[in-house]
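The values are calculated or read from the model by the stated rules, or taken from the named source; none is laboratory data. Being a predicted model, the structure only gives us computed values, none of them experimental. Virtual Cβ from ideal backbone geometry, glycine too; neighbours counted across all protein chains shown. These accessible areas exclude ligands, DNA and RNA; they are computed on the full protein's heavy atoms, side chains included. Shrake-Rupley method; radii C 1.70, N 1.55, O 1.52, S 1.80 Å.
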Amino acid sequence: MKIDHIAIVVNNVEDATKAYQEALDVKDVEFETVESEGVKVAILHLENANIELMEPTTDSSPIKKFLEKRGNGLHHIALETKNIEDEVTRMEGCGIQFLGKIRPGSAGTKVTFIHPKSLNGVLTELCSKQN
Ligand code: ZN
């Protein structure tokens with residue numbers, strides 16, 4: 001397993017991207033709007049993982065609610081695994097609780113989320129890029 005990305009909620013994705021690019025000296029950035037999640041995302045490619053800055057685009061977005069309640073900050077970490085189905089089965093055997101089923105993510109990936117209470121308060125995404 002490896003860290004795929006760290007997701008951070010921000011008020012303004014353009015401003016945040018500029019600040020992160022300057023601070024981390026990162027040139028490699030792509031923007032993506034995920035309609036189904038109601039977010040606009042900037043993906044900053046670091047050497048070993050990405051940082052995703054997420055701004056809510058709709059009032060019904062769960063990210064909007066997060067932002068109103070907690071303000072800017074860490075939203076989740078994402079762990080990449082080769083076989084997400086096997087990993088979920090293995091983790092459930094360890095008593096890990098998931099938020100919903102495995103579902104399609106962006107660009108052909110599969111994702112699911114681990115309940116924060118299973119990992120000491122950290123919302124954690126599991127993702128798989130194969131199949
Ligand atoms: Zn994510």
What are the pairs, 6+ residues apart or on separate chains, where a residue within region 2-30 that is open to solvent by less than 40 Å² (accessible area, probe 1.4 Å) has its Cβ under 8 Å from a residue that is assigned to a loop (DSSP other than H, G, I, E, B)? Asp4/Ala49; His5/Ala49; Ile8/Asn72; Val9/Asn72; Val10/Asn72; Ala16/Val10; Ala16/Asn72; Val26/Leu46
Among residues of region 117-131, those that are out of contact with any strand residue (DSSP E or B) (no Cβ under 6 Å at 6 or more places or on another chain) and either in a loop (DSSP other than H, G, I, E, B) or under 21 Å from Val34 (Cα atoms) (or both), counted: 6
In region 62-116, what count of residues is obtained for those that are in the same structural domain as Ser128 (by TED's automatic domain parsing), surrounded by fewer than 11 Cβ atoms within 10 Å (Cβ to Cβ) and not in a strand (DSSP E or B)? 6
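Mind listing just one residue for me: the one in region 49-61 that is hydrophobic (A, V, I, L, M, F, W, C) and assigned to a strand (DSSP E or B) and, of those, farthest from Ala16 (Cα to Cα)?
Ile51
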From the option list Ala78, Ala49, single residue qualifying as in contact with a Lys or Arg (Cβ under 8 Å, 6 or more places away or on another chain) and either more than 14 Å from the ligand (Cβ to nearest atom) or of a type in the set (A, V, I, L, M) (or both) is Ala49
Hey, does region 36-48 have a residue that's at pLDDT 95 or above, assigned to a loop (DSSP other than H, G, I, E, B), open to solvent by less than 90 Å² (accessible area, probe 1.4 Å) and of a type outside the set (Phe, Trp, Tyr)? yes
